[in-house]
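A short worksheet on the structure shown next.
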Amino acid sequence: MKWLKTRNYNIDAAIKAVVMLGFALFFFQTIRSGQVLKYVHPRNVPVIKFAVVAMVLISAFLIPEVFKPQRVKKGVGSLLFFVLPLLMAVLLPTQSFNAASLSYGSLSVGGGLANTAVADTNTTLVDKSENFEGNQYFDPGVEAYSDGETKGNMDTYGVDVSVFEENENEFSLVNGTVMVDTDNYVKWMEELYDNLDRYIGKKIQVEGFIYKDEQFEDNAFALARMMMVCCAADMQTIGFLCSYQNADQLQLDAWIKVYGIIEKGELDGSEIAKIKVEQIENTEKPEMDYVYPF
């Protein structure tokens, strides 16, 4: 590339600036369109916004170098490793996970996977009838304040009552029905996994996409959702096992809303929450179809 010696510009700096601006533009467009949520958890979006600003600033600092003679001859081949991912990101369409991309081994129904993956993200609901009498928490292992007075949200035995009140409200029923939505999906799966007996016979309302597997019984299907912990690389599939007499007529990957009764089921030798379907409604795929543990 002898012609580079006669040019009064820095091709290396020019390519770096273009690549930086290309990535900045790509990230900006994915944020503006909302497609970024198909790649990362919402809590990571501010980091990407910061990266966009940083790459634009770096590109701005590189522009003056473009118009200066290149002092040291460098090969541009190494920069192609950055150009190729940029081209793939721009040219390849963004796709969501669906039933076609799943296998039985990658699906967890009944809350087991959600419980083990994020076991520390939620506290277990405390049964008020077992642990409370009025506003007192009875535990002989808890040391009481010597003066017997309450402090802030603490009761006379030094327990923060607000923790239990918030948790109780989090898992409260609406007209006797467990209402599962995108915001509380994982939390309810964990709650049903940990305290299934408490909800046997209760009504439940939940929506998701239909997944079927040869290992399921003829009248069974999974009402599934994709759970993202950090980014698309750690995507996990969770859902509820459902029993429905017309399960064979349901279309794979279709989004539905299920109304049913919570039962105790069994899958691979483990007890799980199972929904006896009473009614099904077709529904549109939500704009935010992923669920998050926190």
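Details
- Residues within the stretch 277-294 that are surrounded by 16 or more Cβ atoms within 10 Å (Cβ to Cβ) and within 17 Å of S243 (Cβ to Cβ), tallied: 2
- Selection count, the stretch 235-257, where residues are touching a residue at least 40 places away in the same chain (Cβ under 8 Å) and either over 22 Å from the mean Cα position of the chain (by Cα) or over 14 Å from N219 (Cβ atoms) (or both): 14
- If the condition is being among the polar types (S, T, N, Q) and at pLDDT 95 or above, then the stretch 170-217 contributes T177, Q205.
- Flag for S78 being modelled with pLDDT of 75 or more and among the polar types (S, T, N, Q): no
- Scanning the stretch 237-266 for residues that are touching a Phe, Trp or Tyr at 6+ places or on another chain (Cβ under 9 Å) and closer than 20 Å to E191 by Cα yields T237, I238, G239, L241, C242, V258, G260, I262.
- Checked against (1) over 18 Å from K187 (Cα atoms); (2) of a type in the set (K, R); (3) assigned to a strand (DSSP E or B), K274 meets all criteria but (1).
The values are calculated or read from the model by the stated rules, or taken from the named source; none is laboratory data. Computed from a predicted structure; not experimentally measured. Every residue, glycine among them, receives a Cβ derived from its backbone with ideal geometry; neighbour counts consider all protein chains shown.
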